[in-house]
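Below is one structure, written out as structure tokens; comments come after it.
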Amino acid sequence: MENLKDKVAFVTGGASGIGLGISKAMVAAGMRVVIADVRDDHLKDARAWFLSQKQSRRIRCVKLDVTNRKAYARAADAAEKAFGKIHVLVNNAGLGLLGAIDKTKYDDWDWGLDVMIGGVVNGLLTVLPRIRAHGEGGHVVNTASMAAVIPIPNCSIYIVAKSALVGLSECLAGELAPANVGVSAFCPGPVQSNIRELGKLRPEKYKKDSGLEEFEKQLAQRPQGDLWMDPVECGQRVVRGIQRNDLYIFTHPEFKEGARERFNKMLASFPDEPINQPRADAIKFLLSNQIFKG
């Protein structure tokens, strides 16, 4: 999708942090954007910012809990009513849910996976058929994380979810290419965001059996890193990735060597023995993927 002028994007978690940066960058690129978010205060602030920039006609703000499928369908209907068609889906809503495995409990896992995986599934099953139906092509961006490429300790819920989104994006890229729908796994490094406000987001139904309450209190006091990327710069990289149909959208060159170390570790772990050619011939369809070539 090289030409993004007047194309319509649906961005979840779009009213603050990375999502708002993506929304701003998309509007700057000439797109129209439906900003979906679970927080009224963030939606209000986002709407006020676009109004101050005289860009309010290019955006619509809708409240959305991505785990609510009926609400998701209503939000997609509202997006089409406002702008006609949806061309780009950005599955960005997520949680900075961190903590050692022995601290986590069932509500922590249920909340994290319901939002970060279930919310993406809901987006795909709700919006993707609408993109395919108009036949004009489109793009799906799944917000994963550099932590999905270079996993670190003490964030098992987050790593499980974000790693799943990389694999999902790789699967969909080949599946949707014939329909002229591109797919990107978006893997940002540290970006200025509202991750500190995690505790404000946790619904009551996920509070009964949680082991991360103390972590969420500590996180609320953690200052932002001065060197973390500006969300708009991050959003500009997403826009460029859509235009180039990049399978992966990386933001920080500082992670490249760590990624190389991981991939080298994988290659070094394969059996150092001759290939069984008859077996290779029998499973040829499993041995490579066209999306990784070229």
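Just so it is clear, none of the values below were taken in a lab; they were calculated from the coordinates. The structure presented is a predicted model; accordingly, all values stated were derived computationally and were not measured. Heads up, the Cβs are rebuilt from the backbone with ideal geometry, glycines too, and the neighbour counts pull from every protein chain shown.
I need the Kirkwood Rh of the range 1-108: take the reciprocal of the average 1/r across all distinct C-alpha pairs and report it in angstrom.
Details: mean 1/r = 0.0691 Å⁻¹.
Evaluated over the range 1-108, this radius sits at 14.5 Å.
Between Rg and the Kirkwood Rh of the chain, both from Cα atoms, what is the Rg to Rh ratio? Don't skip to the answer; put the middle values down first.
Numbers: Rg = 19.7 Å, Rh = 20.0 Å.
Result for the chain is an Rg/Rh of 0.98.
Roughly speaking, what is the stretch gain from Lys284 to Asp110, that is 0.36 nm per residue apart minus the C-alpha to C-alpha distance, in nm to one decimal?
On the way: separation 174, 0.36 × 174 = 62.64 nm, distance 3.77 nm.
My answer for the length gained is 58.9 nm.
When all C-alpha to C-alpha distances in the range 204-280 are sorted into bins of 10 Å, what percent of pairs does each bin hold, rounded to whole numbers?
With 10 Å bins starting at 0, P(r) equals 12, 20, 22, 29, 11, 5.
Could you work out the helix-only [θ] at 222 nm for the chain, with each DSSP H run of four or more residues adding -39,500 (n - 2.57) and the total divided by the number of residues, to the nearest 500 deg cm²/dmol?
Details: 11 runs with 130 residues, N = 294.
So the calculated ellipticity at 222 nm is -13500 deg cm²/dmol.
Using only Cα atoms, locate the centre of the range 1-63 and the centre of the range 216-267, then give the distance between them in Å, rounded to an integer.
21
Using a 10 Å cut-off around each Cβ, can you sort Lys265, Lys7, Lys293 from fewest to most neighbouring Cβ atoms?
Working: Lys265 9, Lys7 23, Lys293 6.
The most exposed by this proxy come first: Lys293, Lys265, Lys7.
Based on the inverse mean of 1/r over its pairs of different Cα atoms, what is the Kirkwood hydrodynamic radius of the range 138-294, in Å?
With all distinct Cα pairs of the range 138-294 included, I get 18.5 Å.
Say each of Arg262 and Ala133 gets a label point 7 Å from the Cα, pointing the same way as Cα to Cβ; how far apart are those two points in nm?
The modelled label-to-label distance comes out at 3.7 nm.
Points 7 angstrom from Cα along the Cβ direction at Ser269 and Lys200: gap in nanometres?
Result for the modelled spin labels: 4.0 nm.
Compute the semi-axes of the equivalent ellipsoid of the range 1-62, taking the square root of 5 times each eigenvalue of the Cα gyration tensor, and list them largest first in whole Å. Show your work: numbers first, answer last.
On the way: eigenvalues 65, 30, 16 Å².
Working from the Cα gyration tensor, I get semi-axes of 18, 12, 9 Å.
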